[in-house]
Amino acid sequence: MLQRIQTTIDQLPPSEQRVARVLLQDPRAFCRTPIAQLAEQARVSKPTVLRFCRSVGYQGLSDFKLRLASSMAEGVPFIHRSVSAQDRVDEVVAKVTDNTVAALLNYRNMASGVAIQSVAHALHMAHRRGRRVEFYGVGNSGIVAQDAQHHFFRLGLHTIAHSDGHMQIMSASMLVPGDVVVIISNSGQTRDLIDAAQIARQRGALTVGITSSGSALSKAVQTHLAADHAESYERFSPMVSRLLHLMILDVLATCTALHIGGPKLE
């Protein structure tokens, strides 16, 4: 929850950014502080505090504080702990494990059931009508796309995965209404994936992006399944993002299987 707000703070209006900074400065105090005092600390009005809560996906301040308290009670770090060359092996084990667990629990707390339900329904309809379901990704995300293709193929969907940019664009240009393309990206900035999403959308296919909030890809697709975490993919191989993407796809496959009533997932 806090990671997502950190990631998307620049997209908020300036007044709501001030509320976000008060939150990030001391999340536990934010839970205990009345709305009037929060507004005073952020130098905004009380309605602005409520608008901030709604902007980040909650019904109001009470709902926001409840979810915030729940996320902090998990006992795992909400800020990424970077591994350094000076770390002992036991410290590396703790940091890598904590970062992974934190990412998965954060996803559980912020996942949009509405978005997942809409994609599962679209995949169900693609199954019923014999439409195509395609998965795109490059690099590490290309491996995730291949795993997703195998996962959904076992449910009886007509699936294919592409990790080459040229193939993605050519395949997207052949899609028709009723087809579904799921695009997976850690950064959400890969030009070929964004181009493929735009082409698929123009062809009438449903475009789904599993990527970080506020990225170019998240804005190019019709349905965004947010995968937010604080991992540095520039320095280390993005293992946490790969596990997070795999889990999101597993949730999506499970929901789709329940719609279809097909074979049980292993």
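The values are calculated or read from the model by the stated rules, or taken from the named source; none is laboratory data. Source: prediction; values computed, not measured. Here the Cβ positions follow ideal geometry from the backbone for every residue, glycine too, while neighbour counts run over all protein chains shown. Surface accessibility is based on the protein's heavy atoms, side chains included, excluding ligands, DNA and RNA. Shrake-Rupley method; radii C 1.70, N 1.55, O 1.52, S 1.80 Å.
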Candidate set from the stretch 3-15 (those that are open to solvent by 20 Å² or more (accessible area, probe 1.4 Å) and of a type in the set (S, T, N, Q)); member that is modelled with the highest pLDDT = 15
Within the stretch 128-143, residues buried (at least 22 other Cβ atoms within 10 Å of the Cβ) and at pLDDT below 95 come out as 141
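Restricting attention to the stretch 26-48, which residues are part of a helix (DSSP H, G or I) and among the small types (Gly, Ala, Ser)? Step through it out loud before you land on a result.
Restricting attention to the stretch 26-48, the residues satisfying the condition of being part of a helix (DSSP H, G or I) are 27-32, 35-42, 46-48.
29, 36, 39, 42, listed by residue number.
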Quick one: residue 18 ticks every box in (1) touching a Lys or Arg at 6+ places or on another chain (Cβ under 7 Å); (2) open to solvent by less than 20 Å² (accessible area, probe 1.4 Å); (3) at pLDDT 90 or above except a single one, so which number is it?
-> (2)
Tell me which residues, restricted to the stretch 78-127, are polar (S, T, N, Q), in a helix (DSSP H, G or I), more than 15 Å from the chain's Cα centre (by Cα) and at pLDDT below 80.
-> 99
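Residues 66, 23: which one is open to solvent by 50 Å² or more (accessible area, probe 1.4 Å), in a helix (DSSP H, G or I), within 25 Å of residue 108 (Cβ to Cβ) and of a type in the set (A, V, I, L, M, F, W, C)?
Numbers: 23 fails: open to solvent by 50 Å² or more (accessible area, probe 1.4 Å).
Of 66, 23, the one residue that is open to solvent by 50 Å² or more (accessible area, probe 1.4 Å), in a helix (DSSP H, G or I), within 25 Å of residue 108 (Cβ to Cβ) and of a type in the set (A, V, I, L, M, F, W, C) is 66.
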Only unsatisfied item for residue 53, checking (1) crowded, with 19+ Cβ neighbours inside 10 Å; (2) in contact (Cβ under 8 Å) with a residue 12 or more places away in the chain, is (2)
Residue count, the stretch 26-44, condition in contact (Cβ under 8 Å) with a residue 24 or more places away in the chain and open to solvent by less than 90 Å² (accessible area, probe 1.4 Å), comes to 6
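Considering the stretch 124-150 alone, what residues qualify as being of a type in the set (A, V, I, L, M, F, W, C), more than 13 Å from residue 160 (Cβ to Cβ) and in contact with a helix residue (DSSP H, G or I) (Cβ under 8 Å, 6 or more places away or on another chain)?
Answer for the stretch 124-150, where residues must be of a type in the set (A, V, I, L, M, F, W, C), more than 13 Å from residue 160 (Cβ to Cβ) and in contact with a helix residue (DSSP H, G or I) (Cβ under 8 Å, 6 or more places away or on another chain): 138, 143, 144.
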